[in-house]
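Here's the structure, in structure tokens; my notes come after.
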Amino acid sequence: MIRAVTDRLSRLGRFLWSAWAGLAGLCLLAALWQLGHEAYGSFILPAPLETLQAASALIREGEAQALLWLTSLRAALGFALAAVIGTVAGVIAGYSPAILRLSRPVLTVVIGVPPIAWIVLAIIWFGASMMTVALTIVISGTPVVFMGAVEGVTTRDRGLDAMAEVFGAGPIRRFTHIASRQIAAHLLPALVLALGSAFKVAVMAELLSNAGGVGGALARARSMLDISGAMAWVLLAVAVLIVAEYAVLRPIQAELERWREAARPWGVKH
Amino acid sequence: MQGVSHSYFGRKVLDGIGFSIGEGEVVSLVGPSGSGKSTIAHIAAGLITPRSGRITRGYRHHAMVFQEPRLMPWATVAGNIAFPLKMAHVPRETRVSRVLAAALAAGLMPEDLDKYPVELSGGMRQRSAIARALVTEPDFLYFDEPFTALDVALKRRMQDLVIAAAAAARFSALFITHDLMEAIRISHRILVLDPMGQGITGERIIAGDPATRSEPSVFAQREAFLGEDPLFAHIHDLDERLRP
Ligand SMILES: Nc1ncnc2c1ncn2[C@@H]1O[C@H](COP(=O)(O)OP(=O)(O)OP(=O)(O)O)[C@@H](O)[C@H]1O
Ligand SMILES: [Mg+2]
């Protein structure tokens, strides 16, 4: 029990340590940004520090928090729907070759239609509402999750299935004990991708449908030619996405991939 | 098992297979690569439904050691060994001691139990697979060429392990191999499969008990089989790539 706790603490420590590398990368980006700012001036590209100040000012005003919360909620709703629909449909299709063959062309069509077209359609159907944003996210995110789940089912190790069957596992327990772990390994990277696209699509849909939220704020900043405001909003949206990804999805992934960690030369913990 | 036949996608790989195994008896099934040995084991264990034929299982429950270890990579050795207990709804409290006992019987160290399969050597992985098969104390065991991938010394140790376990737990077993020496060391009786899977061509009873068999006698028996017995004439000369 104690080892389980220390194990996870040491993993968190390693993660925080590796965050320095990420931070260094971000500083490099900020330096390039600063260069751009000095070359083109505040009107085209405000300085990073200026943007940070604008962002923190937005947060302190309080209104920004509500807008970020609204956008996050929409993104989360769309993402949750995409995750559930994509996973269930993908698992079913993975187990049924006939359904998989049927769904391939449908998927090609859905992926082929640009998201912007879906936004227009959704605005016509639902107006400027939560539904419009959520629907666009669902349509853009579901295929990714679906493919991840299909991949997980079809590439699973059938030898392990036979092993479980020998030891008396019926189809349901073979799924819950054997297949689900292998599906999750493919599903989680797909979910990370879908979460990222959920936030991007949410902002885009809000901007185009005038549905408020961060997208709405961006639209207002644009009409007022408030460059530092626009940059500040972008910064905030990215920050929220990073928090969502590293607070929710990455820990789940790390928990499921513990055994891979053990295979790494420096990951030996015993 | 009576009159069993099987085809994969219309290609007949087994026909007219029939044999029986008595209580406490270890029977080897030998035959060249690709002759259908694994398929027979999978049919007998109920993993594959045969095209025709009847299978009567007199045992209470079985376990199997496969050609590859087939461990779950995401679970520790202990988790892998405990898997059959979990499937048999054995309460969690009693699992730990039974896992430890099975692991020790298979020659694993207690400190190996917390490792993941990726951290183990090939031999230790196969030991884990044997421990997993022994943990439910089955009265029938299937071995599907479990030691083919191991080196000679390790193979011998594993065979001794199986002989000792069979003597201690008194299980019956179907031991599949294409190594005649291994078959003679381990079993009471040897069945020879037709190279094309067209029935069992014959059987030989090995004198004495596997646990008390001496090394020279095993070797002499092998020489006798290979030199004089027509039954074993074709055991090494089939190229599995040439099967229709
Ligand atoms: N799932 C499968 N689908 C199609 N053909 C198969 C399948 N499994 C086995 N076969 C074919 O059936 C024949 C018998 O295979 P099997 O695995 O039973 O042989 P084996 O005697 O166990 O060989 P080895 O000693 O190499 O393990 C082979 O010709 C093989 O190509
Ligand atoms: Mg085989």
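The values are calculated or read from the model by the stated rules, or taken from the named source; none is laboratory data. Because the structure is a prediction, the values reported are computed rather than measured. Cβ placement follows ideal geometry from the backbone for every residue including glycine, while neighbour counts extend to all protein chains displayed.
Results for (1) within 14 Å of chain A (Cβ to nearest Cβ); (2) buried (at least 20 other Cβ atoms within 10 Å of the Cβ); (3) touching a strand residue (DSSP E or B) at 6+ places or on another chain (Cβ under 6 Å); (4) farther than 20 Å from A:Trp259 by Cα, shown as yes or no for each residue.
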| site | (1), (2), (3), (4) |
| --- | --- |
| B:Glu111 | yes, no, no, no |
| B:Gly123 | no, no, no, no |
| B:Arg127 | no, yes, no, no |
| B:Val135 | yes, yes, no, yes |
| B:Pro138 | yes, yes, yes, yes |
| B:Tyr142 | yes, yes, yes, yes |
| B:Leu154 | no, no, no, yes |
| B:Ala169 | no, no, no, yes |
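Just one of the numbered conditions (1) within 14 Å of chain A (Cβ to nearest Cβ); (2) within 30 Å of B:Leu231 (Cα to Cα) is not true of B:Asn80: (2).
Picking from B:Ile205, B:Ile186, B:Ile163, which residue would you name as being without any contact (Cβ under 8 Å) to a residue 24 or more places away in the chain and at negative phi?
Just one listed residue meets the conditions, B:Ile205.
Looking across B:Ser52, B:Ser33, B:Ser97, one residue alone is more than 16 Å from ligand 2 (Cβ to nearest atom), over 22 Å from B:Ile163 (Cβ atoms), in contact (Cβ under 8 Å) with a residue 24 or more places away in the chain and away from every other protein chain (no Cβ under 14 Å). It is B:Ser52. Taking B:Phe66 as the residue in question, decide whether it is within 16 Å of ligand 2 (Cβ to nearest atom), outside the structural domain of B:Val192 (by TED's automatic domain parsing), at pLDDT 90 or above and not acidic (Asp, Glu). Criteria met by B:Phe66. Candidates are the residues of region B:15-29 that are hydrophobic (A, V, I, L, M, F, W, C) and away from ligand 2 (no atom under 12 Å from the Cβ); the one that is surrounded by the fewest Cβ atoms within 10 Å (Cβ to Cβ) is B:Phe19. Taking the stated definitions as given, is B:Thr136 over 28 Å from B:Val13 (Cα atoms), modelled with pLDDT of 90 or more and in a loop (DSSP other than H, G, I, E, B)? Considered against the rule, which asks whether it is over 28 Å from B:Val13 (Cα atoms), modelled with pLDDT of 90 or more and in a loop (DSSP other than H, G, I, E, B), B:Thr136 comes out as yes.
Only one entry of A:Leu102, A:Leu81, A:Leu32 meets the criterion of being exposed (fewer than 14 other Cβ atoms within 10 Å of the Cβ), hydrophobic (A, V, I, L, M, F, W, C), modelled with pLDDT of 90 or more and under 30 Å from A:Gly148 (Cα atoms), and that entry is A:Leu102. Among the residues examined, B:Glu93 does not qualify as surrounded by fewer than 17 Cβ atoms within 10 Å (Cβ to Cβ), more than 26 Å from A:Arg174 (Cα to Cα) and away from ligand 1 (no atom under 16 Å from the Cβ).
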